[in-house]
Every structure is written in C-alpha cells, then in structure tokens.
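Chemist: One structure, as structure tokens, below. Some questions next.
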Amino acid sequence: MNKEYLLFVPSGGLANRMRALASAYNLSQRTGVQTEAVWFCDWALNAPFNSIFEPLSEKYFCVREAEKQDILTLDRPRKRNFKLPLLYQLLRFEQRIDEWQVTPLKQKAFDFETWAVGKKSYMSCYQDFGNVENALYRSLFRPVQAVLDEVERYQTSFTDHTFGLHIRRTDNRESIERSPINMFIDAVEHEIEAHEDARFFLATDDEVTKETFRRRFADRIITPETPASRSDISGIRSGLAAMWTLAATQTIYGSAGSSFSVMAAKVGGNQLQVLSK
C-alpha cells in the first residue's frame, strides 16, 4: 500500500453520499492520494453502489462494496456497533476524521487536501468539502440502465415547459415547517398561467401529497406510481430516477433542508428555487 492512502466511507442518503464521494474524488485528483471508498448498505440507503450506478474506478480513486469483515473494521464507529471499528482504525490509520467532525472543520477553513497528503488516513462523511464543480456530478455518477429507462419513460410526457417539484415530507421537519404545500401549489399555478402546456414532475416521499396534486392538476402531474423507499434496490433506483428526471426539467422547485433537489440541480445544471417561508 502506498504511503499516501485514504479510506473513505460515505454515509447518509443518496444525495449526501453523492456529494461526499464527489468531494473525495476531487481530493484524490488534486493531491494524487490513492483513495478507496467503501460503500455500506444501511437503513438510510439499503442498496449496493453497483446496483444503482455503473462501477466507478478512476486514477487514484475507486468505490467498492463493503464486505462482511468491514462491518467490524471500517464502518463508522457508533453506539449501534459499540464503536468496535475504532480500535482497528486507530491501529491501521495514522489519522482519522469522523463524519461529525467535518462541519466544524469546514467552519475553520480546514485544508483537507494538505491533511490527506503523506499519511494513511480514514474519513467518514455525508457532505461536500473542498471546491467541487457541478459538472463533475454528471460525469462521475452514471446510473445503471434500469434507472435511465425509468427516466426516459417519464420524459415521454414532458412538454417544452416541464418543471420539477421536490416536496420532502415524512421525517424532515425543516421541510415540513418551512416549505408548506401551498407554496408549491402557488408555484404550479403561476407556471400554468405563464405556460399553457406546463407540466410538472413531482418527486415526493409522501403519498398524500401525490394525491393532492393529482386531484388538483390532473394530467399536468407526472410522478412515480410506487411509494418512495430507501429499504430496497427497487425503491432506491426509483429515487435515483426521480433525481435524474428533476435534473432534466426547466426549473426545480425544492424543499428547504433537503439535499435531494440541490443534487438534482447540480446534476442537471438547471435552476433551483427553494420554496421557503
């Protein structure tokens, strides 16, 4: 193993893992530090990397699936695993950064690149760090064909004026409190008034929200038929298809406190308006 080596564990949901991985890839390319990202399946995202994205292996950087032994050695030390991986990591790596340390370090303008050079390092992360160009997200992450096929099916219903709606509900209190449904309804009505052929791709984790918009706006609404799910490959593929479909719309109206629509805008390079009171 080279002297310079980073073992990187992305965590969180889909968008959080994508921005963490893009940041780690960017670090590897700028420093030449060999970086191995290990992808764990868990309650937040229960699907292997290669079940949703094409394999990712570039100069200085690769992503691999976690193996059984990695659970006790390379996983994030937490209460649920009695922090057992920490002992192994302290013995194997010269330095470590845990996911909860990243935000305070960013606030202090910490230089992650300088930190990584010349050492064997471990880092877990669920957010971006460093300067990552939006174009990197589209080139780095290539959805598997099943996801692209789903995106194509949605796009057959697009018009010249198709807008994206990402309405986050369920367990995201900030989105619920700061981005109420009526703000999205107002945005839809505004676009219909401006564009006779306006249609809307709706991505939401709430079935009641889907029904509300279908009843009110009928066939102007394009939305997945199945409920959102993080618990299996099919559900996560559908979530990724929703993100790529949002990325193809003219403008995304997003929810406060959610990284999903932010990531969709990074992938698509389109305009994002976060509706927030």
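Quick note: the coordinates plus some simple rules give every number you see, no bench work behind them. Keep in mind it's a predicted model, so treat the numbers as computed, not measured. All Cβ positions, glycine included, derive from the backbone under ideal geometry; neighbour counts span all protein chains shown.
Chemist: What is the order of Glu225, Glu150, Glu54, fewest Cβ neighbours within 10 Å to most?
Modeler: Least to most surrounded, the residues fall as Glu225, Glu54, Glu150.
Chemist: Now for a different question. What residue among Asn172, Asn46, Asn16 shows peak mean-square fluctuation when the chain is described by a Gaussian network model with Cα springs under 10 Å?
Modeler: Result for the chain, Cα springs under 10 Å: Asn172 fluctuates most.
Chemist: Okay, moving on. Taking a ≥ b ≥ c as the square roots of the eigenvalues of the Cα gyration tensor of the stretch 144-275, is the shape rounded (a/c under 1.5), prolate (a/b larger than b/c) or oblate?
Modeler: In terms of gyration-tensor shape, rounded.
Chemist: Can you give me the C-alpha center-to-center distance between the stretch 18-92 and the stretch 180-259, rounded to a whole angstrom?
Modeler: Taking the Cα centre of each part, the stretch 18-92 and the stretch 180-259 sit 31 Å apart.
Chemist: Apply the Karplus curve 6.51 cos²θ - 1.76 cosθ + 1.60, θ = phi - 60°, to the phi angles in the stretch 72-80 and return the couplings in whole Hz, x for Gly and Pro.
Modeler: Values, residue by residue: 9, 10, 10, 5, 5, x, 9, 4, 5 Hz.
Chemist: Sticking with this structure for a sec: For the chain, with the dipole built from +1 on Lys and Arg beta-carbon atoms and -1 on Asp and Glu ones, taken about the Cα centre, which of Leu72, Thr204, Ser23 lies farthest toward the positive end?
Modeler: Toward the positive end, the furthest listed residue is Leu72.
Chemist: Please state, rounded to one decimal and in Å, the Kirkwood hydrodynamic radius that the chain gives when every pair of distinct Cα atoms enters the mean of 1/r.
Modeler: 19.8
Chemist: I need the shape label for the stretch 5-136. Rule: rounded when a/c is under 1.5, else prolate if a/b > b/c, else oblate, with a, b, c from the alpha carbon gyration tensor.
Modeler: Rounded, because the longest to shortest axis ratio a/c is under 1.5.
Chemist: While we're here: If you put +1 on each Lys and Arg Cβ and -1 on each Asp and Glu Cβ, how big is the dipole of the chain around its Cα centre, in Debye rounded to 20?
Modeler: 1100
Chemist: Where in the chain are the DSSP H helices whose C-alpha atoms run 30 Å or more along the long axis and whose mean Kyte hydropathy is at least 1.0?
Modeler: none
Chemist: Among Pro180, Pro104, Pro143, which one shows the biggest mean-square fluctuation in a GNM of the chain, springs joining Cα atoms closer than 10 Å?
Modeler: Largest GNM mean-square fluctuation: Pro104.
Chemist: Treat the count of other C-beta atoms within 10 Å as a stand-in for reagent exposure and order Phe82, Phe163 from fewest to most.
Modeler: Starting with the residue having the fewest Cβ neighbours, the order is Phe82, Phe163.
Chemist: Please count, across the stretch 5-136, the pairs of lysine residues with Cα atoms under 29 Å apart that sit 8 or more places apart or on different chains.
Modeler: 20
Chemist: Using amide H atoms built 1.01 Å from N in the peptide plane, name the residues 5+ places from Phe61, or on other chains, whose amide H lies under 5 Å from its own.
Modeler: For Phe61, whose amide H was placed from the backbone, the distant partners under 5 Å are Thr35.
Chemist: Could you please rank Lys119, Lys210, Lys59, placing first whichever residue has the fewest other Cβ atoms within 10 Å of its Cβ?
Modeler: Lys59, Lys119, Lys210
Chemist: Toward the positive end of the charge dipole of the stretch 25-151, about the Cα centre and with charges on Cβ (Lys, Arg +1; Asp, Glu -1), which of Phe49, Gly130, Pro85 goes farthest?
Modeler: Pro85
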